[in-house]
Every structure is written in C-alpha cells, then in structure tokens.
Amino acid sequence: MEDKILLAHGSGGKLAHELVEKGFLKAFDNPLLAKLDDSAVFNLSGRLAFTTDSYVVSPIFFPGGDIGKLAVCGTVNDLAMSGAKPLYLSLSFIIEEGLPQGELSQIVDSIYKAAQEANVEIVAGDTKVVNRGSADKLFINTAGVGIIAEGIDISGSNASPGDKVLLSGPIGDHGIAVVSQREGLSFSTQLKSDCAPLGSLVAEMLEASSNIHCLRDPTRGGLATTLNELAKQSKVSIRIEEEKIPVREEVLAACEMLGFDPLYVANEGKLVAIVPTKDANKVLKAMQQNHYAKDAAIIGEVQAERPGRVVMKTCLGASRIVDMLVGDLLPRIC
Amino acid sequence: MKFITEFRRSELAEGLIAQIHRRSQTPVRFMEFCGGHTVTIFKYGIRQVLPETIEMVSGPGCPVCVTANADLDKAIALSKIPDVIITTFGDMLKVPGSRSSLQKVKADGADVHTVYSTMDALKIAGMNPTKSVVFLGIGFETTAPTIAASILQAREKRVKNYYVLSLHKLCPPVIRAILDSGEVKLQGLICPGHVSAIIGSHPWEFIAQDYGIPCVVSGFEPLDILRCVDMLVAQIENGESKVEIAYRRGVRPEGNQQALKLMEQIFEPCPAQWRGIGEVPSSGLKLRKEYQHFDAELAFDIDPGPTYEPEGCICGDILRGVKTPADCRLFGKACTPQYPVGPCMVSSEGSCSAYYLYGEGIGG
C-alpha cells in the first residue's frame, strides 16, 4: 500500500523527526537549516524586504507546476517586486492526514528545484498534520526576506504621469492551466502555468535602469486588478491598449468558453513595470533578453487625469473602463 | 482559422466602421436582443464608433434578468426543503429574489451547487441517492436542449431523484410582445446568435414580414456585430426588410434539428412570466405529461410566499428597452455589482452590469 502522511507525522515524535530529516533536510540541505535550532540565525545588512504568503491552490498539481513551486515562486516574486534580491525563505506545511508521501516528496523536490533556480535558501520550516477534512491535501505558508540595493525605490505609489507601462508576457496562463484541471470543469489544453521565479528578471531590469518606479506581479485578480491597484496607490490613471496586451490563443479560447476576461485571470510568472519614458526601451530590451519575458511589451502609459481609473483603448479604437475584479472569478487559484 | 483573434482585428474593424458611416443616412434605432451582444457592444465600445444616425438599445435577452421574482422565490423556497440539493448555473446565485438570494440561503446552510453542465447535476444526483437534486432550468432555447437531454438520460438510467424547475423562456414570442406593446420603435433587430444556432433564422421571419423590421443574426465578436449593423444599415437604405445571417459559422437557417427534436420531445410551450414584461403566451416551456415526474414544481410542495419587487429598481423598464441604466437612480450608488439590487446588475449579461463595468462613452 502507498505510504500516507499520518497524524503522527505532525506529533513532534519519531515519525515527525523522520519526516523532517528524510523529507525536508535532505532536500533543502543548507547549514542554516541543518542546525535545527528554533530559529535560523544569520547576518544581513542593508534595507530588508520581508514578506509572507499562503498557498492553498486546488488541485495541488497542475500543468507547469505544483503548490511547492508556486510557494517558492510566489514568495520570491513578492520580494523581487520590491526591487529586493530574494535570499531566505521559511516554509510551513499544513498537511491533511492521508496525503500520499509520494506526492509530498514530489512537491518537496519541486520546491528544491525552484529554490535552486531562484537562488534562495529554505532556512526555516514547520510541519503540522491535521485531521481529514480540516485542510485540503496541503497548504503551505511562507515568509521571505531579501535585500534592496542602494538607490532603488520601487513602490506602487511611485507611478507618475508620462511613465510607460510594461508587461513581461502573455497573460492568463496560470489561471487557465489550473482551472483546466478542476473537477467539474476539466478540459484538455496544452497550456501550462507560467509559474516562475522572477528575481533574475528584476535584477536585469534594475541593471538596465535604477529608475523603475513600480513593479508588481499580476497574480489573483489578474492584470486588470494590478493596474487598478497601481492607479489608485499612485493617484494617476493608466491607459492601456487592448491590441498591445499579449494573450495566447488557447487562453482566449478557454476564456470565451468559461466566460472569463483574460485581464482578470491569474498569472504566476509575469510582472508589470512602470518606468519613466526615457528608460522604457532600455528596460524593455533587458526584459526581452530574459527567458521569462521574451514577449515583453509596452502596453500603455500613465496619465494625470481621472486618478484611480484604468482605461483601455479597444481594438475598435473606442475606450472602456477596466475595473477591479468584482467577486471571485475562481477561488483557490494560488 | 482562428475563431477569436480573426474576429477582433482592428484593420478589418476600421474598414467596416468606415463603410457603416458612408452608408448610414437614415436615423434608426436598432435593438440588440441578446445580453451577450450587449456585453460585446460595451466591452469594445461599439456605440462610440457608430455614426450618430444609429441609436442602439439593449433588449431583454438575458435569461437571468428576465426571470420573474416569483420564480426566483420558488427556487429559494425549494432550497430550504430538507434533503434538497439545488444545482444551478453560477449566474443565478447572486440574483436577489423578494427576500433573499441563493447565495444567502447557501451561506445559511442550504445545499446549492454551481454546475457548468446539466450532466454534472445528474452526476450529483447519482452521488446523493438519498437526496433530491433539483436543476434550475433557466435559459432560452440555447440551454433547453441540454436540459432535455439530462431528463432523457435520467429516464434511461432510472435516476429517481433528479428534478428540473423549468423556467425556460422562448425568444420569438417575447419579441412579438415587445413590438406589439409599441413602447419602443425599432428599425432593426440584431437577432441572438446562440439562440439562432438552435432555432435557426426562420423563426425571425415574422418580424421582417409582419412588422417590416430588418433582422440580422449576429455572432459575439466585435467584427460580427459591426458586420451585422452594416447589413441592417444596407437593408434600411435599400428599403428592404428581411432576415439575414451575419454569423454563418454558427447558424444555419434551419437551425439544429436534433436539438429542436429533443426539446419538442420533452417540453411543450406554456405561458411564462417575464420580469418587466409580464405574462407572455407560449413563451415558456413545461415538461410534457409523460416526463412530469421530473418536474420539481409538481414533485414538491413549494411555498414561496408573497412576491416583492425591489423599490426604485427599473430593471423591468430596461429589459423592455424603454429606459437605460443611466435613467436609474440606484445605478452605481445603491446598486453595484458588489451589492446588486436588480438582476441586470448581477448577471454577466445584464445591461446594468455592462454599463457599470465598461463605462459607456467615457472617451479619453
């Protein structure tokens, strides 16, 4: 019979130690974690970025990733969106009893790979096992710290009129890839989640220009919600052009079928950058040279009038409002 | 062929828009019957690019919106009966009835499931043999065949706990009712695309013949609508009134015979209540006698209580095309997609929701 996670794996006893040592320590091997003290102790100097996130995606495996890769990428990306170099993460696992151990090792393995690629270390962790029905297979909570270099000032409130809006690639892949696996909805698609760590992309963009005003990853709520957040925070309006926004044909087709608008569908490996006009092309070029932003494009610009609004020029040359997402398009997408 | 991007190409749109501007001389009012068309029109800003000679009004073609409060109350009352599972398309959840909504009764413990297909509802019935599963049959000719198919399958598989609350509505009779009321003067009708995929274009002939109003069946992409408007303008300027199809990739004149047969087998026409319009003869569908044991209305003792209409809401007038959301004093204030008062703000195909979300004509 397949080995499953038992309540005893979270008890703090022998089984728990076995899980930590064989399951996690081996995979995430690093000196800070290996000490097994109550906290990871390390030196850092400079301005710190510190973030936390929880991952409850359903299903836990989806085309292009799983909850583990998502947890690493999501946390790394939150740090990177502040202009920080991501360094250390913590991971807390809340496991529903009965989760096959094989699935857990697969997830641990993909966490290891994602962390390697993102060049971060998992330095603290925790495991709890809850009764069947008290969680859905696996939830992961994370925290992350990174360091922000001198002279970098990135914030959602920094957009100013005249700035250009850059998008790193086609939108909606993650949301549609996850939905395609949902019970009651499942449909066949070649589409994969875009889930990716964007630390190196941000580093290369910052190398091209240290004047980047805003960075944000359009996750839940999609591009539309992210642009609305930026417009409100910066008290500006953002005008985008429908035809400049890259969307894959498969995403468009799935959206038509499901009644979604790709502007509201979640991404996990994309970013929006707001950059002064004079640096926009430099940053765009740097983006297009990175594997994760080959299709980056300038999709619009920041304006002063009607602060808080996002307006889109449609393919017919008309204008329409792009509002924030109302209600939930899809629960548990990340 | 790419079925989406090909129909959103700006250079083709430009040509069509220019042609419409060149052709259109006579001031006209066109109605798009279907809520799906309303959404496309607002989402792409089609009203902004049409010449001043063309006025567009939205029609009653949103199944959720036209469902009468009394019928919503029935669905809500059903959900409160012990051991009843309600299955429904998602749009219905938030629509307020007289006193509550399915979303609210669900939060209070009612068993309400959103499904994407009637077959999923049937599956739920199979998995819950000790409970009664009721599917809310809301929709036009587009959805009725799939519900008919689920009833047939339930009979074949001897599923004893599957029921349908049939609130289906038929489109041609309600258009006749609107035209007969004389409240809105129309010079052209954009006929629904998905409905016509089932019933074909013939059922619209009476509009062209009896009322002298040009009719064109349209698809749902911006180029479909522009092409449809162009064809309507051409008919007007040539003094014609006939039924044409601007959506050949989806609609044949004779419709989908198999689907029609299925509908015919299970359902028969009956009078139906339309929000804002009232009772329209032969505009609904009820289960035929031999399938009556699937009829939720007969199987359960439903007590919906008295019906109330929300105060100040003008959804009814909007559905008849006599008022627009901008005329409503609740619009955007007391009534928003987060806190909807009337169904036209709830449904993704509702006029109020389209006005609110896409902000008609803000320019910029």
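The values are calculated or read from the model by the stated rules, or taken from the named source; none is laboratory data. Please read these numbers as outputs of a predicted model, since none were measured by experiment. Note: ideal-geometry Cβ built from the backbone for every residue, glycine included; neighbour counts use all protein chains shown. These accessible areas exclude ligands, DNA and RNA; they are computed on the full protein's heavy atoms, side chains included. Shrake-Rupley method; radii C 1.70, N 1.55, O 1.52, S 1.80 Å.
Remarks
- Taking the longest Cα principal axis of chain A as reference, the axis of helix A:199-208 is set at about 30 degrees.
- DSSP loop GluC sites (Glu not before Pro) with at most 14 other Cβ within 10 Å excluded, longest remaining stretch of chain B: B:53-182
- Expressed as a whole percent, the accessible area of region A:1-60 that falls on carbon and sulfur atoms is 54 (1.4 Å probe).
- Helix axis angle, B:69-79 relative to chain B longest principal axis, alpha carbon, degrees: 40 degrees
- Anisotropy class of region B:160-227 from Cα gyration tensor, a/c 1.5 cut: oblate
- For A:Ile122, residues with placed amide H under 5 Å, excluding near neighbours: A:Leu89
- Using θ = phi - 60° and Karplus 6.51 cos²θ - 1.76 cosθ + 1.60, couplings along region A:15-32 (whole Hz; Gly, Pro as x): 4, 5, 4, 4, 4, 5, 5, 7, x, 9, 4, 4, 6, 9, 2, 7, x, 5
- Close amide H partners of A:Gly221, meaning residues 5 or more places away or on another chain with modelled amide H under 5 Å apart, are A:Ala266.
- For A:Arg309, net neighbour charge (Lys/Arg +1, Asp/Glu -1) across residues whose Cβ lies under 10 Å away: +1
- Region B:241-364: C-alpha gyration tensor shape, a/c 1.5 cut-off, then a/b vs b/c: oblate
- Calculated accessible area for chain B comes out at 42 Å² per residue, all protein chains present (probe 1.4 Å; ligands, DNA, RNA ignored).
- For region B:201-209, putting each phi into the Karplus relation 6.51 cos²θ - 1.76 cosθ + 1.60 with θ = phi - 60° gives couplings of 9, 4, x, 8, 4, 4, 5, 5, 7 Hz, in residue order, rounded to whole numbers and with x for Gly and Pro.
- Stokes-Einstein D for region A:74-203, Kirkwood Rh over Cα pairs, 37 °C, 0.692 mPa s (µm²/s): 189 µm²/s
- Remark: spin-label model distance A:Ser210-A:Asp136 equals 4.6 nm, labels positioned 7 Å along the Cα→Cβ axis.
- Per-selection Rg to Rh, the protein assembly as shown - Cα, Kirkwood hydrodynamic radius: 1.01
- Couplings for region A:108-113, taken from phi via the Karplus curve 6.51 cos²θ - 1.76 cosθ + 1.60 with θ = phi - 60°, read 4, 4, 6, 4, 4, 5 Hz in order; Gly and Pro are left as x.
- Solvent-free Debye calculation, one equal scatterer per alpha-carbon of region B:315-358: log10 I(q)/I(0) at 0.27, 0.29 Å⁻¹ equals -0.92, -1.06.
- Rounded FRET efficiency, nearest 0.05, which uses the C-beta distance separating A:Lys14 from B:Ala326 and R0 of 51 Å: 0.15
- Spatial separation of Cα centroids for region A:90-128 and region B:77-99, in angstrom: 41 Å
- Loop-located GluC sites (Glu not before Pro) in region A:1-85, at most 13 other Cβ atoms within 10 Å (DSSP): A:Glu2
- Placing R0 at 51 angstrom, the Cβ-Cβ distance between A:Lys294 and A:Ser54 gives a FRET efficiency of 0.95 after rounding to 0.05.
- Local net charge near A:Lys278, Cβ-Cβ under 12 Å (Lys/Arg +1, Asp/Glu -1): 0
- Acute angle (nearest 10 degrees) that the helix A:249-258 long axis makes with the longest principal axis of chain A, alpha-carbon atoms: 80 degrees
- For B:Glu141, distant residues with modelled amide H under 5 Å away: B:Cys171
- Relative contact order of region B:1-302, defined on C-alpha pairs under 8 angstrom at six or more residues apart (%): 21 percent
- Taking all pairs of distinct alpha-carbon atoms in region B:149-298, Kirkwood radius in angstrom: 17.0 Å
- Members of A:Lys14/A:Lys128; B:Lys106/B:Lys169; A:Lys164/A:Lys232; A:Lys69/A:Lys285 lying beyond 18 Å, as alpha-carbon distances in this model show: B:Lys106/B:Lys169; A:Lys69/A:Lys285
- Rounded FRET efficiency, nearest 0.05, which uses the C-beta distance separating A:Asp29 from A:Arg306 and R0 of 45 Å: 0.25
- Among the chymotrypsin sites (Phe, Trp or Tyr not before Pro) within region B:152-229, not one is in coil by DSSP while having at most 13 neighbouring Cβ atoms inside 10 Å.
- Shielded residues, region B:4-24 - accessible-area loss of 30 Å² or more between chain alone and all protein chains, probe 1.4 Å: B:Ile4, B:Thr5, B:Arg8, B:Ser10
- Structure-based [θ]222 nm, the protein assembly as shown - -39500 (n - 2.57) summed over DSSP H runs of at least 4, per residue, nearest 500: -9500 deg cm²/dmol
- Rough spin-label spacing in nm, given labels placed 7 Å along Cα→Cβ, for B:Ser117 and B:Glu205: 3.5 nm
- The convex hull around the C-alpha trace of chain A, projected and averaged over every direction, spans 17.7 square nanometres.
- Each chain gives up part of its surface: A and B jointly bury about 2200 Å² of accessible area, both sides summed, for a 1.4 Å probe.
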